[in-house]
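The values are calculated or read from the model by the stated rules, or taken from the named source; none is laboratory data. Everything numeric in this text was worked out from a predicted model, so none of it was measured. Reconstructed Cβ throughout: ideal geometry from the backbone, glycine too, with neighbour counts over all protein chains shown. Accessible surface areas use protein heavy atoms only, side chains included; no ligands, DNA or RNA. Shrake-Rupley method; radii C 1.70, N 1.55, O 1.52, S 1.80 Å.
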Amino acid sequence: MGFPISAGLLDSMVLSVVDREDTYGYEITQFIRSAVDVSESTLYPVLKRLQKNELLETYDKEYMGRNRRYYHVTPKGEKALEEYRREWKKHKNMVDRILLEKGGENT
Amino acid sequence: MNRLEYLTQLRRLLEDGGLAEDEINDAMGFYEEIFLDAGAAHEAETAANLGSPEELANKILQDSGIHPQGDSVFQMEAAADPSQARDTDNNVPHNGNSLSKLLVIIITSPIWFSLMCAFAAIALAILCALLSIIIAVFATGFSLTIGGIVTLFTVYPAGIALIGAGLICIGLGGMIVMPVIRCIWRGCVSLFNKFTNFVHRFVSSKAVA
């Protein structure tokens, strides 16, 4: 993919993945990597930032004799995700209108 | 490179970079999980995905506001113009820089050595004072208790009172001693860690130069 992924877009994608169900680092990275070409080392700071801003929280769960860190979307994170989704739709419509020469129906 | 080699090297690089202990543990936990969840069969592949331990460590350090080379100006130049920065990196006389630093350390030794001695002496004095207070409190406690037991057979109420006072003293002593010992222990451990870190960094920087 030739389009660079912005930090805000990564934040919202990670939030959306965790919003489906609580999940752990590796699964998040695999999920994101199935859509865009980013490395685990790019996603670690994203997760840290989301935790710091209290959009995600973590808890440890035992898995095969070791601890696995699970991520969970906070109420604040839910709100942020809603806002991100609204923003994305708007952004996508605007770009589509020009790039795909579509009429913007719901702007 | 397998998981253990990769993670060991990463931890050492983060420690050398001066990252806070809990941040190191956080990052190590994350990347260890990535390795484990990717599976033992894919360790080399995972390592390749992450880049070299040096690259990853530099990235983590930069994300937490530490510039691995210890030179923020250089980092900004590198960001502005990568090709030019690579050239200057090769030309920077690391050797002369560390030599002059060493010279300064040696020349100023009469000042910092005596200062260090003075600080050590003060620390020792405070330690001794604390120790003597603690010993005094305990001694009072024990002698009162023993005296109380002896008096118990002659003047019963006075004996009880003495034993009570003695036990209070011992209890107080214990309350002072436990946190003080804990503090001293922690202080010693962190001081030792800092010292070994410093020596390690110094030695490795000399080795590079």
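Here are a few things to note about the model shown:
- When A:MET64 is tested against (1) over 30 Å from B:ALA48 (Cα atoms); (2) open to solvent by 60 Å² or more (accessible area, probe 1.4 Å); (3) of a type in the set (A, V, I, L, M), exactly one condition is not met: (1).
- Checking the stated criteria, A:LYS48 turns out not to satisfy the condition of being more than 30 Å from B:ALA40 (Cα to Cα) and out of contact with any strand residue (DSSP E or B) (no Cβ under 7 Å at 6 or more places or on another chain).
- Residue count, segment B:2-22 (criterion: open to solvent by 30 Å² or more (accessible area, probe 1.4 Å), among the hydrophobic types (A, V, I, L, M, F, W, C) and within 14 Å of chain A (Cβ to nearest Cβ)): 2
- Residue in segment B:100-112 that is among the β-branched types (Val, Ile, Thr), modelled with pLDDT under 90 and not in a helix (DSSP H, G or I) present: yes
- Qualifying positions in segment B:30-46 - among the small types (Gly, Ala, Ser) and surrounded by 15 or more Cβ atoms within 10 Å (Cβ to Cβ): B:ALA38
- Members of segment B:23-40 that are more than 10 Å from chain A (Cβ to nearest Cβ) and at pLDDT 90 or above: B:ILE24, B:ASN25, B:MET28
- Of all residues in segment B:44-62, those that are more than 10 Å from every other protein chain (Cβ to nearest Cβ) and in a helix (DSSP H, G or I) have Cβ atoms under 8 Å from Cβ atoms of residues that are open to solvent by 40 Å² or more (accessible area, probe 1.4 Å) and among the basic types (Lys, Arg), 6 or more apart or on another chain, in B:ALA47/B:ARG3.
- Counted residues, segment A:68-96 - those being in contact with a Lys or Arg (Cβ under 7 Å, 6 or more places away or on another chain) and part of a strand (DSSP E or B): 2
- Number of positions in segment B:2-43 that are on the phi > 0 side of the Ramachandran plot and either polar (S, T, N, Q) or without any contact (Cβ under 8 Å) to a residue 60 or more places away in the chain (or both): 1
- Scan of segment A:6-54 for residues that are surrounded by 16 or more Cβ atoms within 10 Å (Cβ to Cβ), more than 14 Å from chain B (Cβ to nearest Cβ) and among the β-branched types (Val, Ile, Thr), ordered by number: A:VAL17, A:VAL18
- Residue in segment B:151-167 that is under 30 Å from B:LEU102 (Cα atoms), β-branched (Val, Ile, Thr) and either free of Cβ contacts under 8 Å to residues at least 12 places away in the same chain or open to solvent by less than 70 Å² (accessible area, probe 1.4 Å) (or both) present: no
- Test: residue in segment A:95-106 that is more than 24 Å from B:GLU55 (Cα to Cα), surrounded by 14 or more Cβ atoms within 10 Å (Cβ to Cβ), touching an Asp or Glu at 6+ places or on another chain (Cβ under 9 Å) and among the basic types (Lys, Arg): no
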